[in-house]
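Right, one structure below, let's go through it.
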Amino acid sequence: MKILLVEDEAPIREVIKRGLEEDGVYTVDTAEDGRVGLDLACDKDYVLIILDLMLPGIDGWTICEQLRNRRVNTPILMLTARDTVRDRVRGLELGADDYLPKPFDFDELLARVRALIRRDKLSKGKVIRIGHLEMDTIAHRVLCDGKEVALTSREFSLLEALAVNEGRVMSRDAIQYRVWNNEDSLSNTVDVYIRMLRRKIDADRPVKLIHTVHGLGYMLKRPDEESS
Ligand code: CA
């Protein structure tokens, strides 16, 4: 699980990164500068963002606000030396999920990190039903008209990305970021995977769910009779 840590103080950064990576389940990307942190948070898929408040570039509040405005809903744990109720309320209002004043105990940080990730998984872990499709995002199961369909993990991620954004067009770039984490891949990878997915999800069905939006990308759409 990938975590982003935005913190300008090197000793704190080192302690958190080393501690979390020792736990074995996490890998930690770090940024010392607010702007770099914001770019990383927008471009990559993290399970959690640990965000210091006072940063060079842009501060933690602004990062938080901009991420939420851009619909990046990754949980955010804010760190700050300033422990006042006003700061805390402001952080939460701007979309932070939790708040940890410095200095803190590493064990407490770890407990909060685990709790936030667990909470986020639970809230996302619901069954998505669109037309003939039923997707269980925890069990990683896909049913079409009640019959199980075997998908590879990439196909599943792609379908999940489209389903979560149901009714909204996703560009090839956005899909690429989300499903391939921006790893190098051939330019037509997305199209190839869409084709495979269509074969498994939409072939032989009177109403198609996956639509090509010419010049823009792809969209998973609820059949019309259900949209009202
Ligand atoms: Ca700082």
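Every condition in (1) within 14 Å of the ligand (Cβ to nearest atom); (2) at positive phi; (3) surrounded by fewer than 16 Cβ atoms within 10 Å (Cβ to Cβ); (4) not charged (D, E, K, R) is met by Gly24 except one, and the failing one is (1). With respect to the conditions (1) more than 16 Å from the ligand (Cβ to nearest atom); (2) surrounded by 15 or more Cβ atoms within 10 Å (Cβ to Cβ); (3) among the hydrophobic types (A, V, I, L, M, F, W, C); (4) modelled with pLDDT of 90 or more, Val72 lacks only one, and its number is (4). Looking across Val149, Val164, one residue alone is aliphatic (A, V, I, L, M) and either under 15 Å from the mean Cα position of the chain (by Cα) or modelled with pLDDT under 85 (or both). It is Val164. Is it the case, given these coordinates, that Ile138 is farther than 30 Å from Arg13 by Cα, in contact (Cβ under 8 Å) with a residue 12 or more places away in the chain and part of a loop (DSSP other than H, G, I, E, B)? Answer is yes for this residue.
The values are calculated or read from the model by the stated rules, or taken from the named source; none is laboratory data. Just so you know, these numbers come straight off a predicted model, no measurement behind them. Backbone-built Cβ (ideal geometry, glycine too); neighbour counts: all protein chains shown.
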